Structure formats: structure tokens, C-alpha cells
Amino acid sequence: MQAFNHQAYGKMEKKRKALRRLLEAVEKEILRKPNRKTLDRLSLLAGFQDWDSFQEALHGEAGAETNYEGESKREASR
């Protein structure tokens with residue numbers, strides 16, 4: 001039977017703990033909520049002026065076209 005190597009076990013334990021900390025840091029970053037600037041930019045891609053108007057359309061009765069009503073009125077007055 002082989003003798004138990006305490007030094008090798010200690011190194012393995014340190015590596016296991018380091019790997020656990022790395023995994024926890026990655027999970028925390030993945031689950032992090034995007035900041036407001038990112039949400040506003042994503043909303044622009046979807047055709048809304050900002051995150052609030054996107055949320056209002058998503059949970060209310062307004063649509064993306066309501067964001068551009070003021071723009072068409074300005075164009076008509078030119």
C-alpha cells in the first residue's frame with residue numbers, strides 16, 4: 001500500500017479551492033444584470049428610444065411606433 005503523500009494532497013486542495021473561486025467569479029459575472037447604458041442601447045436596436053419606453057411597450061399597450069409619432073409630426077411641419 002502506498003504511503004499517503006500530505007504534500008501532494010495539500011497542492012491538490014489548493015488547486016481545488018482556486019478552481020472553486022474561479023468558478024464562483026465566472027458565475028457571478030454571468031448572472032450580473034446589465035447596466036442602464038447597455039439596456040438603453042439594446043432598446044434602440046429594438047426600435048425604442050430607451051429602456052423605459054421598451055418596458056412600457058412590453059408591459060403596457062404602447063408599441064414602438066409611439067416613439068416616432070413626434071418625429072413624423074416634425075417632418076410634416078418642415
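Numerical summary
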read-out	value
Formal net charge of residues neighbouring residue 22 (Cβ-Cβ distance under 12 Å; K, R +1; D, E -1)	+3
Projected label distance in nm at residue 55 and residue 28, using a 7 Å step from Cα toward the beta-carbon	2.5
List 54, 48, ordered by accessible area with a 1.4 Å probe, largest first	54, 48
Exposure of residue 20 as accessible area (Å², to 10), given a probe of 1.4 Å and all protein chains	120
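The values are calculated or read from the model by the stated rules, or taken from the named source; none is laboratory data. Only a predicted model underlies this, so the values are computations on that prediction, with no experimental measurement involved. Here Cβ is always computed from backbone atoms with ideal geometry, including for glycine, and neighbour counts include all displayed protein chains. The area values use the complete protein model at the heavy-atom level, side chains included, leaving out ligands, DNA and RNA. Shrake-Rupley method; radii C 1.70, N 1.55, O 1.52, S 1.80 Å.
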